[in-house]
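The values are calculated or read from the model by the stated rules, or taken from the named source; none is laboratory data. In this text the structure is predicted, and so the values were computed from the model without any measurement. Quick reminder, even Gly has a Cβ in these numbers, built from the backbone with ideal geometry, and neighbours come from all protein chains shown. Keep in mind that these areas ignore ligands, DNA and RNA; they rest on the heavy atoms of the full protein, side chains included. Shrake-Rupley method; radii C 1.70, N 1.55, O 1.52, S 1.80 Å.
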Amino acid sequence: MSHFFPADILLPKENFEKWAVVACDQYTSERDYWMDVERMVEGYPSALNIILPEVYLKKDNTKRINAINETMHEYLDDDVFNEYKNSMIYVERESNHTVRRGLVGLVDLEEYEYTSGTDALIRATEATVIDRLPPRIEIRKNASLEMPHILLLVDDPELSVIEPLSKNKSDYKEAYNFRLMKGGGIVKGWFLDDKSIKKVQKSIDRLMEDKNRDMLFAVGDGNHSLATAKECYNLSKNPLQRYALVEIVNIHDKSIEFEPIYRVLFNVDAKEFIEHFKIYTDHVGGHDTQWFEYVSTKQSGFIEVKSTAKLPIGTLQAYIDRYIQAHPNVRVDYIHGSETVRNLCKAPNTLGFLFDGMKKSDLFPAISADGSLPRKTFSMGHAADKRFYIEARKI
């Protein structure tokens, strides 16, 4: 039984450099980034016009969402795309002197669950924030297109699924080859032939023959987008929506590095938060201790607390959630990169935390044993390395 499928993939006919933009959940506190992208793509068909960057999210997104859905129809009517039937695309993403290899195709949403404790073949790596789904559902439920920034991790230590494709890429038809905007590196893609597609499917099937394996894919990036696709399928049972377009990557690929996702608190009394964090963990924590670096305008330094979770981020996130319940004016954001944290924390009433991340070798065992990790536990690379929207599919 196959668990990864070819798709009818849409690609823009021209101007890939203007079309491709980074995932919508990046640069969420850096509006200048997205304003610059708007200037760069003005007057061109662009994925920017059919996504909702989270920096622009507000209580009522109706006007922007309606415009997104209208633009999708316009792009289809205006013949913006070429369609490639029954395709998989082998992808190489060159960024920061490394090459990440992946494969774009379809997964069956009936094999995916995002709730903790599930035994589904495709699982979330971290807790899903239900409040983040409604705006995405509002877009997708009436959408005529889907585009993935979803990366699924496969545990393939023998390098049997994706890596062999790199040896044959000269035999494949090129799908695209261009430089991504704003320091995103270079991305190249090739269409697999029918023989290679079948070989990929058989290799994935062989992974599932391991009796110790109880899951196939773990969501590396884009869990909320995949959860949105699942919810829309549950609402409609539209056969086209049963599947979702994703890119799979091997967790054992040398280019895959787990970066911690840091926390920045806004409208917060930094001194009070740090003092109460220490008091709380002293009261409820265990014997082990964990270290955090904190950054604010008035004070910066290091704090050692008693652990309340296996990972440092679990200890910190649990207290942040508790603190915000008692201080609803405080807001938290999830930040990639220590330099960005330090820059944001130059503003008054802002507090950032830096800490060690998890090892990628711990991911699949941790999910199998404990279910999902704390939300926003890790990131696969920096913000500029995230997946860009390129491929699309009619839904």
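Laid out as a table, the results:
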{"read-out": "Beta bridge orientation in the chain: antiparallel %, DSSP, nearest 5", "value": "90 percent"}
{"read-out": "Cα-derived Rg over Rh, computed across the stretch 355-395 with Rh taken as Kirkwood radius", "value": "1.10"}
{"read-out": "For the stretch 73-121: accessible area per residue (Å², 1.4 Å)", "value": "48 Å²"}
{"read-out": "Per-selection Rg to Rh, the stretch 136-256 - Cα, Kirkwood hydrodynamic radius", "value": "0.99"}
{"read-out": "Per residue accessible area in Å² of the stretch 142-256, where ligands, DNA and RNA are left out and the probe is 1.4 Å", "value": "44 Å²"}
{"read-out": "Stokes-Einstein diffusion coefficient of the stretch 139-183, Kirkwood radius over Cα pairs, 10 °C, 1.306 mPa s, in µm²/s", "value": "108 µm²/s"}
{"read-out": "Rounded Å value of the spacing that divides the Cα centres of the stretch 22-69 and the stretch 309-346", "value": "24 Å"}
{"read-out": "Within the stretch 169-184: backbone nitrogen closer than 18 Å to the GLU339 label point (7 Å, Cα to C-beta)", "value": "181-184"}
{"read-out": "Distance between modelled label sites at PHE5 and ILE279, nm, 7 Å Cα→Cβ extension", "value": "5.7 nm"}
{"read-out": "Relative packing of peptides 72-85, 379-392, 302-315 - highest average C-beta neighbours within 10 Å first", "value": "379-392, 302-315, 72-85"}
{"read-out": "Principal axis box of the stretch 203-334, alpha-carbon based, largest edge first, Å", "value": "53, 35, 28"}
{"read-out": "Carbon and sulfur %, accessible surface of the chain computed with the full protein complex present, 1.4 Å", "value": "47 percent"}
{"read-out": "Computed FRET value (nearest 0.05) for ASP194 with ARG39, which takes r as the C-beta separation and R₀ as 30 Å", "value": "0.10"}
{"read-out": "THR281 accessible area, 1.4 Å probe, all protein chains in place, Å² to nearest 10", "value": "0 Å²"}
{"read-out": "Alpha carbon convex hull of the chain, projected area averaged over orientations, nm²", "value": "19.5 nm²"}
{"read-out": "For the chain, calculated [θ]222 nm from helices alone, where every DSSP H run of n ≥ 4 adds -39500 (n - 2.57)", "value": "-8500 deg cm²/dmol"}
{"read-out": "Per-peptide average of other Cβ atoms within 10 Å, ordering 101-109, 222-230, 345-353 highest first", "value": "222-230, 101-109, 345-353"}
{"read-out": "Binned Cα-Cα distance frequencies in the stretch 40-157 - 5 Å width, integer %", "value": "2, 8, 14, 17, 19, 19, 15, 6, 1, 0"}
{"read-out": "Zone of VAL129's modelled label, taken as backbone nitrogen in the stretch 15-44 under 14 Å from a point 7 Å along Cα→Cβ", "value": "24-30"}
{"read-out": "Flagged links, alpha-carbon separation over 30 Å, of LYS173/LYS202; LYS182/LYS359; LYS195/LYS359; LYS85/LYS237; LYS58/LYS85", "value": "LYS195/LYS359; LYS58/LYS85"}
{"read-out": "Centroid-to-centroid separation of the stretch 84-160 and the stretch 249-307 [C-alpha atoms, Å]", "value": "28 Å"}
{"read-out": "Accessible area (Å², 1.4 Å probe, nearest 10) - SER95", "value": "20 Å²"}
{"read-out": "Across LYS141/LYS167; LYS198/LYS254; LYS254/LYS310; LYS59/LYS230; LYS141/LYS199; LYS278/LYS310, pairs whose alpha-carbon gap is larger than 29 Å", "value": "LYS141/LYS167; LYS141/LYS199"}
{"read-out": "Distant alpha-carbon pairs in the stretch 286-369 (separation over 14 angstrom), percent", "value": "70 percent"}
{"read-out": "FRET E, pair LYS359, ASN82, Förster distance 35 Å, beta-carbon r, rounded to 0.05", "value": "0.25"}
